[in-house]
Amino acid sequence: MALENETQKQIWAKLSKLGGRFFRINTGRAWLSSLGPKGCVKTPQGMLVKQPRSIALGFSTASGESVTGTLDLNGYITVEITPEMVGSKIAVYSVFDAKRSEGGKRTKEQQETIDRVNAAGGIAGFANSPEEAELVVKQWFINKKKVQK
């Protein structure tokens with residue numbers, strides 16, 4: 001069984017070969033010093049942060065709260081539009097959450113994100129392997145062709 005990190009790297013490479021450009025999004029909260037780098041002091045027990053302030057990592061709301069349900073890989077896949085649009089290319093927003101090769105926890109919030117992105121015309125899904133990620137992309141193209149008929 002491949003670990004999630006290794007599976008994620010394989011999925012990332014496969015999506016790149018499919019015309020995608022993706023970025024890893026880490027979510028959570030972190031602390032930094034209002035004084036800048038000089039406000040952080042390394043001690044034998046760890047780091048001491050003087051005049052700390054909290055920041056959201058990854059996506060956040062306007063109020064500064066971390067967004068729940070954020071997926072691991074965010075970016076776009078370049079899609080060539082049919083002749084009716086003169087062969088233009090567009091970037092289709094795409095998100096994937098990599099899970100280890102067997103199992104992996106899928107949260108309700110992540111599923112809601114996938115559903116919202118797909119409903120808005122983007123490409124989104126869970127993937128336990130590069131092949132599964134490719135299948136999500138191929139299924140998006142199949143669904144678009146059905147809509148045109």
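The values are calculated or read from the model by the stated rules, or taken from the named source; none is laboratory data. Quantities reported herein were computed from a predicted structural model and do not represent experimental measurements. Every residue, glycine as well, gets a Cβ built from its backbone with ideal geometry; the counts of neighbours run over all protein chains shown. Areas reflect the complete protein model, heavy atoms only, side chains present, ligands, DNA and RNA absent. Shrake-Rupley method; radii C 1.70, N 1.55, O 1.52, S 1.80 Å.
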Flagged in the range 28-47 as open to solvent by 90 Å² or more (accessible area, probe 1.4 Å), assigned to a strand (DSSP E or B) and not charged (D, E, K, R), in numbering order, are TRP31, MET47
When the residues of the range 65-91 are narrowed to those that are surrounded by 15 or more Cβ atoms within 10 Å (Cβ to Cβ) and of a type in the set (Val, Ile, Thr), which ends up modelled with the highest pLDDT? ILE77
Count of the range 86-129 residues which are within 22 Å of GLN10 (Cα to Cα) and among the acidic types (Asp, Glu): 2
Top-ranked residue in the range 14-27 [being in contact (Cβ under 8 Å) with a residue 40 or more places away in the chain and within 14 Å of the chain's Cα centre (by Cα); ranked as surrounded by the fewest Cβ atoms within 10 Å (Cβ to Cβ)]: PHE23
Flagged in the range 29-73 as closer than 29 Å to ASN128 by Cα and among the aromatic types (Phe, Trp, Tyr), in numbering order, are PHE59
Would you please list the contacts, defined by Cβ atoms under 9 Å and residues six or more apart or on different chains, that run from a residue in the range 100-120 that is touching a residue at least 24 places away in the same chain (Cβ under 8 Å) and surrounded by 12 or more Cβ atoms within 10 Å (Cβ to Cβ) to a residue that is outside any helix (DSSP H, G or I) and acidic (Asp, Glu)? GLY104/ASP97; GLN110/ASP97; THR113/ASP97; ILE114/ASP97
Odd one out for VAL137, checked against (1) in a strand (DSSP E or B); (2) touching a residue at least 40 places away in the same chain (Cβ under 8 Å); (3) of a type in the set (A, V, I, L, M): (1)
Somewhere in the range 72-83, is a residue in a loop (DSSP other than H, G, I, E, B), closer than 30 Å to SER34 by Cβ and under 14 Å from the mean Cα position of the chain (by Cα)? no
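Which members of the range 100-126 meet the condition of being among the charged types (D, E, K, R), more than 20 Å from ILE90 (Cβ to Cβ) and out of contact with any Leu (no Cβ under 8 Å at 6 or more places or on another chain)? Please lay out each step first, then the result.
Keep residues of the range 100-126 that are among the charged types (D, E, K, R), which gives 100, 102, 105-106, 108-109, 112, 115-116.
Filter once more, keeping what is more than 20 Å from ILE90 (Cβ to Cβ): 100, 102, 105-106, 108-109, 112, 115.
Once the filter is applied, which keeps residues that are among the charged types (D, E, K, R), more than 20 Å from ILE90 (Cβ to Cβ) and out of contact with any Leu (no Cβ under 8 Å at 6 or more places or on another chain), the range 100-126 yields GLU102, LYS105, ARG106, LYS108, GLU109, GLU112, ASP115.
Can you find a residue in the range 125-144 that is over 20 Å from GLU6 (Cβ atoms) and under 14 Å from the mean Cα position of the chain (by Cα)? Show your work before the answer.
From the range 125-144, those over 20 Å from GLU6 (Cβ atoms) are 137-144; that's our starting set.
Going one step further and asking which of them are under 14 Å from the mean Cα position of the chain (by Cα), we end up with none.
No.
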